[in-house]
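Notes for the one structure printed next.
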Amino acid sequence: MAEQTELMTTGEYITHHLTNLTYGKHPDGSWGFAHTPEEITEMGFWAINVDTMFWSIVLGFTFLAIFMIGARRATTGVPQGLQNACEIAVEFVEDNIRQVFGTRPNPIIGPLSLTILIWVFLMNLMDLIPVDVIPGIAGWLGIHHMKVVPTTDPNATLAMSFGVFLLVLYYGFKIQGPVGFVAHKFTHPIAHPLAMPFNFLLETVDMIAKPLSHGLRLFGNLYAGEMIFILIALLYSSGVVLGLFGGVLQWAWAVFHILIICLQAFVFMILTIVYLTQVHDANDHH
């Protein structure tokens, strides 16, 4: 890392580690990877953050592999090792669903909540890998940028939150019907004809704010954590004393960050359950 920071200014080092490997269309009409943040901006909306896609898919299959192996090794005796960890995760999710969603029949909320919890946890966990390891390997292979924490990319977190939002809309239309779903926006929270415009405005703002806050909360916490790791890493090239101090800070922040990693995965999952609960409750009160 010392050699790398000697070739970069502090700002360039930070920018490099926070820039995605992006593929898109250049202004001249050709397609390829961006080499600078300016090129990423020029590519516009349809550019793809390849590193976010890659690590998200890899970690998604990692989640599937862990639970498939745990299921195949399952025994009827006292669970141990991987089976025990999988059962703890499943029971934890089921307990939260019962407490928030209740016992309503819904075939998707269990698998969805478990997937969100473990998948987001694994993506967050990548933040504990030293900031120069994978980008350094990528640079050696000729890859300009490589962000390894998908949840530090708002495209990933907002995509997940809008996926949940689409499910909320789906269940709203399915349970209440199109007319009932729209009518609820005019009659809640104040059941008075004069309050209909206010109700509709309030409900619309609330409906839009939910997926935005859902995704941006996760992004903001993980992005801030990654930024702190990068700033601490700069100390390693500032002499022996600051390097040792940086090592202590890195360890302390990593220990504290484990709490953030777990907490943010839980918050994303529990909010998903809450939003799906609310759309079902709206039908019960309709």
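The values are calculated or read from the model by the stated rules, or taken from the named source; none is laboratory data. These numbers come from a predicted model, not from an experiment. FYI the Cβ positions are ideal-geometry reconstructions off the backbone, even for glycines, and counts take in every protein chain you see.
Are there any pairs, at least 6 apart or on different chains, whose C-beta atoms fall under 7 Å, with the first in segment 93-104 and within 16 Å of Phe268 (Cα to Cα) and the second of a type in the set (S, T, N, Q) and at pLDDT 95 or above, and if so, which? Note: pairs meeting the criteria are Val93/Ser113; Ile97/Ser113. Residues of segment 97-113 that are hydrophobic (A, V, I, L, M, F, W, C) and assigned to a helix (DSSP H, G or I): Ile97, Val100, Ile109, Leu112.
For Pro135, the conditions (1) over 29 Å from Val279 (Cα atoms); (2) surrounded by fewer than 20 Cβ atoms within 10 Å (Cβ to Cβ) are fulfilled apart from (2).
For every residue, the table says whether it meets (1) among the aromatic types (Phe, Trp, Tyr); (2) modelled with pLDDT of 95 or more; (3) in contact with a helix residue (DSSP H, G or I) (Cβ under 9 Å, 6 or more places away or on another chain).
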site: Leu158; (1), (2), (3): no, yes, yes
site: Val168; (1), (2), (3): no, no, yes
site: Phe186; (1), (2), (3): yes, no, yes
site: Thr204; (1), (2), (3): no, no, yes
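Kindly evaluate Thr41 against the criterion of being among the β-branched types (Val, Ile, Thr) and either over 22 Å from Gly110 (Cβ atoms) or not in a helix (DSSP H, G or I) (or both). Yes.
May I ask you to list pairs of residues, at least six apart or on different chains, whose Cβ atoms are under 8 Å apart, with the first in segment 187-202 being over 19 Å from Gln176 (Cβ atoms) and assigned to a helix (DSSP H, G or I) and the second being of a type outside the set (A, V, I, L, M) and modelled with pLDDT of 85 or more? Note: no pairs meet the criteria.
Annotation note: Cβ proximity below 8 Å between a residue of segment 45-72 that is under 28 Å from Thr22 (Cα atoms) and a residue that is among the acidic types (Asp, Glu) (sequence gap 6+ or interchain) occurs for Asn49/Asp153; Thr52/Asp153. Taking the criterion of being assigned to a helix (DSSP H, G or I) and either more than 30 Å from Ile14 (Cα to Cα) or in contact with a Lys or Arg (Cβ under 9 Å, 6 or more places away or on another chain) (or both), would at least one residue in segment 114-125 satisfy it? Taking every residue of segment 114-125 in turn, at least one turns out to be assigned to a helix (DSSP H, G or I) and either more than 30 Å from Ile14 (Cα to Cα) or in contact with a Lys or Arg (Cβ under 9 Å, 6 or more places away or on another chain) (or both).
Scanning segment 157-183 for residues that are of a type outside the set (Ser, Thr, Tyr), closer than 21 Å to Arg104 by Cα and surrounded by 14 or more Cβ atoms within 10 Å (Cβ to Cβ) gives Val164, Phe165, Leu167, Val168, Gly172, Phe173, Ile175, Gln176, Gly180, Phe181.
Does Phe165 satisfy the criteria of being out of contact with any strand residue (DSSP E or B) (no Cβ under 7 Å at 6 or more places or on another chain), among the aromatic types (Phe, Trp, Tyr) and over 30 Å from Leu21 (Cβ atoms)? So Phe165 does not fit the description; no. If the condition is being in contact with a helix residue (DSSP H, G or I) (Cβ under 9 Å, 6 or more places away or on another chain) and either free of Cβ contacts under 8 Å to residues at least 60 places away in the same chain or in a helix (DSSP H, G or I) (or both), then segment 127-143 contributes Asp127, Leu128, Ile134, Pro135, Gly136, Ala138, Gly139.
Taking the criterion of being farther than 24 Å from Gly215 by Cβ and surrounded by 15 or more Cβ atoms within 10 Å (Cβ to Cβ), the residues of segment 185-195 that qualify are Phe186, Thr187, His188, Ala195. Just one residue in the set Lys174, Lys185 is among the basic types (Lys, Arg), within 28 Å of the chain's Cα centre (by Cα) and closer than 29 Å to Thr277 by Cβ; that residue is Lys174. Of the residues screened, Thr152 is not one that is within 30 Å of His16 (Cβ to Cβ), crowded, with 17+ Cβ neighbours inside 10 Å and in contact with a Ser or Thr (Cβ under 6 Å, 6 or more places away or on another chain).
For (1) in a strand (DSSP E or B); (2) among the charged types (D, E, K, R); (3) out of contact with any Leu (no Cβ under 8 Å at 6 or more places or on another chain); (4) under 24 Å from Phe266 (Cβ atoms), each residue gets a yes or a no:
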{"residue": "Gly11", "(1), (2), (3), (4)": "no, no, yes, no"}
{"residue": "Thr19", "(1), (2), (3), (4)": "no, no, yes, no"}
{"residue": "His35", "(1), (2), (3), (4)": "no, no, yes, no"}
{"residue": "Ser56", "(1), (2), (3), (4)": "no, no, yes, yes"}
{"residue": "Thr62", "(1), (2), (3), (4)": "no, no, no, yes"}
{"residue": "Pro79", "(1), (2), (3), (4)": "no, no, yes, yes"}
{"residue": "Leu82", "(1), (2), (3), (4)": "no, no, yes, yes"}
